[in-house]
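The values are calculated or read from the model by the stated rules, or taken from the named source; none is laboratory data. Please read these numbers as outputs of a predicted model, since none were measured by experiment. FYI the Cβ positions are ideal-geometry reconstructions off the backbone, even for glycines, and counts take in every protein chain you see.
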Amino acid sequence: MKKDLLKMDDLSKEEILDILNLADQLKYEQKHGIEHPHLKGKSLGMIFEKSSTRTRVSFETGMYQLGGNSLFLTDRDLQIGRGEPIEDTARVLSRFIQGIMIRTFSQDEVEKLAKYASIPIINGLTDEEHPCQVLADLMTIRENKNILEGLKVAFIGDGHNMANSLMIGCLKVGMNFAIASPKNYTASEKYLSRAKEIAEKEGVQFTITTSPSEAAKNADVVITDVWASMGREDESAERLKAFEGFQVNKELMEVADKSAMVLHCLPAHRGEEISAEVLEEHANSIFDESENRLHAQKAVLVKLMK
């Protein structure tokens with residue numbers, strides 16, 4: 001039976017840790033020039049309806065390093081741009097390639113693609129989820145802190161795709177999690193309810209607040225993201241006003257643990273969700289996080305496609 005990665009909740013705690021362990025191994029091998037052609041002769045189709053820097057380059061490079069091939073496909077390259085149903089595209093591509101990564105707007109489109117495809121489907125980002133980024137985040141935190149369990153993560157910002165996947169992933173591996181968003185921009189009840197269930201099961205703390213300082217208090221990791229995600233640029237002015245006071249800056253970091261690290265999935269809007277000062281102070285961790293997209297996704301590709 002094929003396995004997909006459509007949302008963070010598709011993975012159990014054990015599966016997350018298994019992916020992270022393999023990612024560490026693949027990173028070590030790549031740094032030491034040890035080849036690992038686990039996907040030799042296999043091809044990944046990469047469907048992009050949202051543009052990307054990190055997602056495209058990391059998946060394309062990852063497939064090359066794993067001995068496979070990747071195809072960059074936009075809606076201009078595929079018949080879905082001319083009205084072919086996603087279910088037909090899924091069944092056609094399943095006859096040619098061994099996996100699909102899709103970066104798009106609708107989570108429903110990803111779910112439908114997986115339903116009709118006979119090959120693994122990987123969610124490279126939707127408006128609802130960003131599981132590959134969260135795996136890279138967890139990998140980076142563990143590299144920096146040596147552990148995950150028991151740490152406190154604070155997410156400051158929009159209750160959107162990053163927040164959704166992050167709260168599920170962090171809580172599943174035994175981390176305490178706090179999210180601070182403006183009143184009308186918190187995560188959906190579906191995700192908050194699921195997060196509460198996981199927190200209760202794992203015996204960890206889950207905090208929902210409109211106070212950035214409350215969320216960041218004694219946090220080991222502070223994470224943020226842009227206030228107006230791709231496709232919501234027309235809301236930028238409104239969001240700038242709503243998110244006033246939610247910047248990750250020097251003042252906010254003073255309430256976090258003194259050894260706290262800062263992460264940002266990038267691209268960053270310096271002076272908005274994060275100050276230039278804090279971003280540069282934590283640049284090593286943030287760009288390690290960016291690099292770890294490559295290693296974490298290679299682990300996902302091997303687990304799903306080998």
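Selection within region 10-43: residues that are surrounded by 15 or more Cβ atoms within 10 Å (Cβ to Cβ) and among the β-branched types (Val, Ile, Thr). The member of this set that is nearest to Glu291 (Cα to Cα) is Ile19. Scanning region 129-163 for residues that are closer than 19 Å to Asp18 by Cβ and among the basic types (Lys, Arg) yields a single hit, Arg142.
Looking across Leu39, Leu71, one residue alone is touching a helix residue (DSSP H, G or I) at 6+ places or on another chain (Cβ under 7 Å), aliphatic (A, V, I, L, M) and not in a helix (DSSP H, G or I). It is Leu39. Residue-level analysis places Leu304 among those that are in contact (Cβ under 8 Å) with a residue 24 or more places away in the chain, surrounded by 17 or more Cβ atoms within 10 Å (Cβ to Cβ) and in contact with a Lys or Arg (Cβ under 6 Å, 6 or more places away or on another chain).
The lone criterion from (1) of a type in the set (A, V, I, L, M, F, W, C); (2) surrounded by 24 or more Cβ atoms within 10 Å (Cβ to Cβ); (3) outside the structural domain of Ser213 (by TED's automatic domain parsing) left unmet by Phe105 is number (2).
The C-beta contact set for region 177-194 (first residue over 18 Å from Ala216 (Cα atoms), second residue of a type in the set (Ser, Thr, Tyr), distance under 8 angstrom, 6+ apart or interchain) comprises Leu192/Thr186. Does Glu214 meet the test of being surrounded by fewer than 18 Cβ atoms within 10 Å (Cβ to Cβ), assigned by TED's automatic domain parsing to the domain that holds His269, within 24 Å of Lys145 (Cβ to Cβ) and touching a residue at least 24 places away in the same chain (Cβ under 8 Å)? Criteria met by Glu214. Only one of the numbered conditions (1) part of a helix (DSSP H, G or I); (2) in contact with a helix residue (DSSP H, G or I) (Cβ under 9 Å, 6 or more places away or on another chain); (3) outside the structural domain of Met46 (by TED's automatic domain parsing) is violated by Thr89, and that is (3).
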